[in-house]
Amino acid sequence: MPAIQTHELSKRYGDVTAVDRVDLTVDEGEIFGFLGHNGAGKSTVINMLLDFARPTEGQVEVFGMDCREHSVAVRERMGVLPEGYDVYDRLTGRQHLQFAAESKGVEIEPMSIAERVGIRDAVDRRAGDYSKGMAQRLVLGMALIGDPDLLILDEPTSGLDPGGARRMREIIHEENERGATVFFSSHILEQIEAVCDRVGIMHEGRLQAVDTIDALRESAAGGTKLQISVDDPSETHLDTIEAVDGVDSAWIEDETFAVTCPSDVKMDVLVALDAAGVDVLDFSTEEPSLEDLFVEYTREGGQ
Ligand SMILES: Nc1ncnc2c1ncn2[C@@H]1O[C@H](COP(=O)(O)OP(=O)(O)OP(=O)(O)O)[C@@H](O)[C@H]1O
């Protein structure tokens, strides 16, 4: 059973379509990255998962339960780090953790959670005096209480220093190894690439692409860029390259052939040049970065 499933999920605020007919499936046990520019609709999808916002159309289910009809049962299986969560200024970190444990009906050892998220020394200070990053760590600690089956993290690294962001990634892996499904949104590409099994790219309310990063690389137009050094690159041999099945484009650049094509077509290009009697002196390949993919999938009109 999927951990999260949406069907034709839409949310409109007046004239603004925040989420537009999104079909998304997140499998149990995966770490899923939800990527998109500011305003792409990520938080709105998350708010519908949490039943903070009501879908205008479509359905959203968590572990097979409708998020509206079974909101309490759904919340019991979730740990949530919402975007921009405000801590209670006058309560200490420890009191926050205890409060979260009580509302989940579980016993906890606050110190061990504080230690895990890196606020051990501050656990008895008022959360109102915490820095932004410390507050973020505290809210993460609250989300981990009760070993949730699904962790929803909305921009979890915002406000964290590099050490905090690294610890966040470690915790995501630890939780996933324990069996939790992790769904987290970010516009920080490196964060997503470092931890996710699959990513979904949101753009202007639409889910533009869902796949592993490797598969997105394969399917993005222009996939791999191949650079081939030959003695004398000629237009005739450019035609030879362009005639290879799967080649997107080819041109002459700095006395080399530059070719964009899916990864599995690279060898065919080299073989075709060889068959045409061209001496290949050297070649190199360049894979698109996650950033290139992101630009590709979120440019005007999308894919
Ligand atoms: N309560 C609301 N009322 C009106 N418009 C809203 C509301 N919530 C979101 N929107 C609009 O819906 C669109 C999607 O916003 P959303 O917060 O889901 O984006 P996001 O991808 O989470 O962005 P960010 O990365 O900035 O958090 C935006 O145009 C936003 O202005």
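The values are calculated or read from the model by the stated rules, or taken from the named source; none is laboratory data. It should be emphasised that the depicted structure is a prediction, and the values quoted were computed from it without experimental measurement. Virtual Cβ from ideal backbone geometry, glycine too; neighbours counted across all protein chains shown.
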Failed condition for residue 64, given (1) in contact (Cβ under 8 Å) with a residue 60 or more places away in the chain; (2) out of contact with any Ser or Thr (no Cβ under 7 Å at 6 or more places or on another chain); (3) exposed (fewer than 14 other Cβ atoms within 10 Å of the Cβ); (4) at negative phi: (4)
Residues (outside any strand (DSSP E or B), of a type outside the set (S, T, N, Q) and in contact (Cβ under 8 Å) with a residue 60 or more places away in the chain) located in the stretch 148-172: 148, 149, 155, 156, 172
Selection from the stretch 172-190 of residues that are farther than 29 Å from residue 292 by Cβ and either surrounded by 15 or more Cβ atoms within 10 Å (Cβ to Cβ) or charged (D, E, K, R) (or both): 174, 175, 177, 178, 180
Residue in the stretch 25-59 that is farthest from residue 208 (Cα to Cα), counting only those that are more than 14 Å from the ligand (Cβ to nearest atom) and aliphatic (A, V, I, L, M): 31
Among the residues listed as 134, 78, 65, the single one being over 27 Å from residue 27 (Cβ atoms), modelled with pLDDT of 90 or more and under 26 Å from the mean Cα position of the chain (by Cα): 134
Test: residue in the stretch 236-251 that is closer than 30 Å to residue 23 by Cα and surrounded by fewer than 18 Cβ atoms within 10 Å (Cβ to Cβ): yes
Number of the exception - residue 140 against (1) within 16 Å of the ligand (Cβ to nearest atom); (2) farther than 15 Å from residue 32 by Cβ; (3) assigned to a helix (DSSP H, G or I): (1)
Filter result (surrounded by 19 or more Cβ atoms within 10 Å (Cβ to Cβ) and in a strand (DSSP E or B)) within the stretch 211-224: 224
Test result for residue 15, more than 9 Å from the ligand (Cβ to nearest atom), surrounded by fewer than 17 Cβ atoms within 10 Å (Cβ to Cβ) and touching a residue at least 60 places away in the same chain (Cβ under 8 Å): no
Residue 72, sole failed condition from (1) over 17 Å from the mean Cα position of the chain (by Cα); (2) under 27 Å from residue 135 (Cβ atoms); (3) touching a residue at least 40 places away in the same chain (Cβ under 8 Å): (3)
